[in-house]
């Protein structure tokens, strides 16, 4: 029977190498960068040559299990996949894991008792720059064939799952969480009494467990070495000693921040205070010398350990994930701004409903499903319930939690930590605040005070909780009616804008076909900004005896939906603003004929837009139109007899029914 390459390896993204025995048959030294597709490997097999499957290409990795203990661990922890028995009787497990870019060598000296007679080492995980001898090749020493024993598809796994499966064969991280001894700080020996078993009393021996803060995608990802009193997180590539673990569990640092030198200054003092309050450490030795606070601060030496460009370019970062694509990234601080009564509460609730459902918002923007907690300190529970009902969520069983006017303050660190703990209890991973002004007692215009608030809100991010907050625009001045810098239209210090990852603004526009919201994509740290979105507000009113029901002088709204007209509202928005601008100028010059040139000179819009707007206003019967010839020299002066002149015309009486953030139909 003719030898063929397994169908699982016939992948255009994979790469292969011809072998002499188990070594590359390549004249040059740079064989890792040679390109040989699967069609060449097929020819090598048919001619009786050995070949290697080059790992790292197309995200391919191979776990080379050179002992039964590693094979057992892989088969227990990872999904069954395309597997090859080697010529020496061991196993190659093929997986797809683009996150892994560096070879992992299993520590042969860690648990030598796991090796049985005839086994000399554990094995390794092969990634970019290496190769595994392919099936149908012949082992040069045993003469046995490499053969497929599990003819399955090559499965996808995460970096976290791979590390978790081989955790017992990896060296633990060394203790690096304690800072150097400094005046006014706890002595090193005082902290040695703190043990991982004090923090996790149910753990009695070295093991791998799901991370108690951010969880695990597989069976476990937190490796605890009780004997050495250290831990390692395979998801975050972090670790440390007992003090660092306590800091992570208390939210003082995030798990991925637990690197060398992180526990310094205020963070170090805070976690020590927590340890003291919980009775986990004994007395603290204080220096009898008093020095200024700034001299007590340990020198943060991390900034003296820069990465080279090469190291930075090869560092593996987790892929970006959107909470609301492309506006808000998961795990970040985000903001919705609008003028007063500018629909921001309605839009926030509508977005919250979509995220809790995991449905697309406006039918066009994908969301990642999360449990959401809406903290509204401006409206009553009745008001929030009314909005959710009108937006169609009354009967929906979705994970959306609501607190209304309960007194939460983001500048109170106890309030923040209490909400974080409740989020962990409920499994909430998105918190929305309506509004920023109502959740603090600080000076919005003070960058120092606002930075304190932002630092508190960032504690949510350390726990993987995304924050979205509503905020007000500034009041427009009479002499600056059309502010041009949209990103700076919100109230308060620029520290707020600098801190957010995503920022969208809303502005209501009343047009002939109804009320619109122009949504502007003002900031995004990970995606290109979209053009302004044009959103039409559709209202359905309650009927009574065939007529619209009126209550407290207002039409009672039964249902509101937001319809995306398109992401090209820029031109519409410019025309609408120009229309308002021209009407304002004509009103201010009431009973006066103004030429097109005069009107253009007093606006900020282009001549083309102004001429189109004047034609539109005439069609709407909002202006009088004449020319110089008809008006005569006394009214219009000298010049082109056909030049057009306009005068404001009072519109016919009409009633405009709108529903804003603060106008609710009870």
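Quick note: the coordinates plus some simple rules give every number you see, no bench work behind them. Just so we're clear, the structure is a prediction, and the values are computed from it rather than from any experiment. Don't worry about glycine lacking a Cβ; one is built from the backbone with ideal geometry, like all the others, and counts go over all protein chains shown.
Computed quantities for the displayed model
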item: Label point distance in nm, residue 417-residue 382, each placed 7 Å from Cα along Cα→Cβ; result: 3.8 nm
item: FRET E, pair residue 39, residue 142, Förster distance 30 Å, beta-carbon r, rounded to 0.05; result: 0.55
item: In nm, spacing of pseudo-spin labels at residue 369 and residue 153 (7 Å Cα→C-beta vector); result: 2.1 nm
item: Segment 306-383: radius of gyration over Cα atoms, expressed as a fraction of 2.2 N^0.38 Å; result: 1.48
item: Inter-part distance where segment 518-553 and segment 352-420 are each reduced to a Cα centre, Å; result: 18 Å
item: Histogram of C-alpha separations across segment 571-648, 5 Å bin width, %; result: 3, 16, 29, 25, 17, 7, 2, 0
item: Extension gain, residue 359 back to residue 590 (0.36 nm per residue minus Cα-Cα distance, nm); result: 78.1 nm
item: For segment 4-67 versus segment 322-343, the gap between their alpha-carbon centres in whole angstrom; result: 48 Å
item: Stretchable slack from residue 4 to residue 256, in nm (0.36 nm times residue separation minus alpha-carbon distance); result: 86.2 nm
item: Residue 105-residue 626 FRET efficiency (beta carbon distance; Förster radius 60 Å; 0.05 resolution); result: 0.10
item: Spread of Cα-to-Cα distances over 5 Å intervals beginning at zero, given as percent, for segment 122-171; result: 4, 13, 17, 22, 22, 13, 8, 0
item: Segment 581-596-segment 444-462 distance, computed between alpha-carbon centres (Å); result: 46 Å
item: FRET efficiency, 1/(1 + (r/R0)^6) with R0 45 Å, evaluated for residue 455 and residue 643 via beta carbons; result: 0.15
item: Net lengthening on full extension, residue 311/residue 403 (0.36 nm per residue, minus Cα-Cα); result: 28.5 nm
item: Descending semi-axes in whole angstrom, ellipsoid equivalent of segment 322-567, from the Cα gyration tensor; result: 28, 22, 18
item: Globularity ratio of segment 7-157, using Cα Rg and 2.2 N^0.38 Å; result: 1.00
